[in-house]
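Colleague: Structure incoming, see below.
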């Protein structure tokens, strides 16, 4: 279950936050998943709003607090806050939810254990980007390990870095984060025992590395473990792009260690976690200066990544998807003034679905937009049509909330 909400009413942060939270609550209650929200991302207009937003979130959820990240990316629509939430839907075989803390929530369903870690930061406020990134990765690993899972069970990460394309000594802050990621991931066999046989390409989690206001580093992740032999994790690469981990040295001393997407399969179905995707083919930026062209190509890249042809090439025939099968998208716009142009293209290509548009710097100076999301395989949706309900409500001329398919079998 996925929901995205921007407030319709209210002038203060508190008023807008309550309005957005009540919208998400109505979506979840409508689908019979009240009290089953397990992770949440809260977008605020400035880092100074974190304490108030955190207090509001705590008061609203009480003992049902999801794993929550607070992200300093102003919502593109001019509101003070926007919220994206993930919950467990009816029929998923839910056994229990363990709410360890605001940073860690564990779900167990159908013999699958997921650990959701949120808003993990380095323990020190000082030091280089490299040192603080390593410290944050180590904190993330400890959070996963504390719930009995090894870090090689991680399938999806989010890396938020303030001033992402800013200088760091003689290099760039994002390049230093990638150097730390490479060193932290060295020797880890991601997906060990859960991948398809005969695949010899490197496997890394799907990921988004994106800029935020301020100078902070914040990370979150999803880790998955199961004894079931019919559940597999498959790292996907895009036939139109050089794999990020194969980038040349011009993009940094160490290449970004992430997969373009991660497919989690069960039987004939797949849920596809799409990494942050931009206007890149091969390894080069395209449509420089043209935000509409970049948005269009970014969506072309996602379409190629999740396509039946590409899934079949990765050993998953019949598990492909189209843009119509997207369940959730998050759109990062470098320049707030480009929001209307970016949204117009997304509306044409994606239609109505839960979406968050936030102002966030992208990892190359010339990139103007980045998009991530989650898709369900078409085969999963086929036969489930009687259960699929898109709950949509116009919040104003440009916003909506909704809920796409709520289970995979």
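Throughout, read-outs are computed from the coordinates displayed, never taken from laboratory work. Everything quoted here is computed from the prediction, not taken from an experiment. Heads up, the Cβs are rebuilt from the backbone with ideal geometry, glycines too, and the neighbour counts pull from every protein chain shown.
Colleague: Once you have the Kirkwood Rh of the range 208-297 from its Cα pairs, apply Stokes-Einstein at 37 °C and 0.692 mPa s and quote D in µm²/s. Walk me through the numbers before you get to the answer.
Modeller: Details: Rh = 15.6 Å.
Answer from the Stokes-Einstein relation: 210 µm²/s.
Colleague: Please check: in the Gaussian network model of the chain (C-alpha springs, under 10 Å), which one of 166, 211, 337 has the largest mean-square fluctuation.
Modeller: Ranking 166, 211, 337 by mean-square fluctuation puts 337 first.
Colleague: OK, next. Please report, in whole Å³, the volume per residue of the convex hull around the C-alpha atoms of the range 150-272.
Modeller: On the way: hull volume 14.9 nm³, N = 123.
Cα-based convex hull of the range 150-272, divided per residue, equals 121 Å³.
Colleague: Still on this model: Would you mind getting me the FRET efficiency between residue 171 and residue 30? Use the beta-carbon distance for r and R0 = 41 Å, nearest 0.05. Before the final figure, lay out the partial values.
Modeller: Working: r = 49 Å, r/R0 = 1.20.
E(calc), rounded to 0.05, equals 0.25.
Colleague: Specify the inter-centroid distance of the range 310-328 and the range 186-211, based on alpha-carbon positions, in whole Å.
Modeller: After rounding, the separation between the Cα centres reads 18 Å.
Colleague: Given the C-alpha centroids of the range 272-302 and the range 41-114, what is the distance between them in whole angstrom?
Modeller: Using only Cα atoms to place each centre, the spacing works out to 28 Å.
Colleague: Further, regarding this structure: What translational diffusion coefficient, to the nearest whole µm²/s, does the chain have by Stokes-Einstein, given a Kirkwood radius computed over alpha-carbon pairs, a temperature of 10 °C and 1.306 mPa s viscosity?
Modeller: Answer, rounded: 75 µm²/s.
Colleague: Rank the residues 341, 192, 257 as a footprinting-exposure proxy: fewest other Cβ atoms within 10 Å of their Cβ go first.
Modeller: Working: 341 18, 192 12, 257 22.
Fewest-to-most Cβ neighbours within 10 Å comes out as 192, 341, 257.
Colleague: Kindly work out what percent of the DSSP beta bridges joining two residues of the chain are antiparallel, to the nearest 5. Mind showing how you got there, number by number?
Modeller: Details: 66 of 86 bridges.
If we restrict to bridges inside the chain, about 75 percent are antiparallel.
Colleague: Listing 200, 131 from the residue with the fewest other Cβ atoms within 10 Å to the one with the most, what is the order?
Modeller: On the way: 200 5, 131 14.
If I rank by nearby Cβ atoms, fewest first, I get 200, 131.
Colleague: Suppose R0 equals 35 Å. What FRET efficiency, 1/(1 + (r/R0)^6) with r the Cβ-Cβ distance, do residue 186 and residue 335 give to the nearest 0.05? Can you show the working numbers first?
Modeller: On the way: r = 36 Å, r/R0 = 1.04.
That gives a FRET efficiency of 0.45.
Colleague: Let me ask another. Between residue 215 and residue 352, what is the FRET efficiency for a Förster distance of 30 Å, r being their Cβ-Cβ separation, to the nearest 0.05? Intermediate results must be reported in sequence, preceding the final value.
Modeller: Numbers: r = 37 Å, r/R0 = 1.22.
Efficiency, from the Cβ-Cβ distance: 0.25.
Colleague: How far is it, in nm, from the label point at residue 253 to the one at residue 128 when both lie 7 Å from their Cα along the line to the Cβ?
Modeller: For the pair residue 253/residue 128, the computed spacing is 0.6 nm.
Colleague: Given labels modelled 7 Å from the Cα in the Cβ direction, how far is it in nm from residue 200 to residue 12?
Modeller: 6.4 nm
Colleague: For a quick check: sort 218, 288 by the number of other beta carbons within 10 angstrom, fewest at the front. Kindly include the intermediate steps, with their values, before the conclusion.
Modeller: On the way: 218 21, 288 14.
Listed from fewest to most nearby Cβ atoms, that is 288, 218.
Colleague: With each run of n ≥ 4 DSSP H residues scored as -39500 (n - 2.57), what mean residue ellipticity at 222 nm is computed for the chain after dividing by its residue count and rounding to the nearest 500 deg cm²/dmol? The partial results should precede the final answer.
Modeller: Numbers: 8 runs with 98 residues, N = 409.
Helix contribution divided over all residues of the chain: -7500 deg cm²/dmol.
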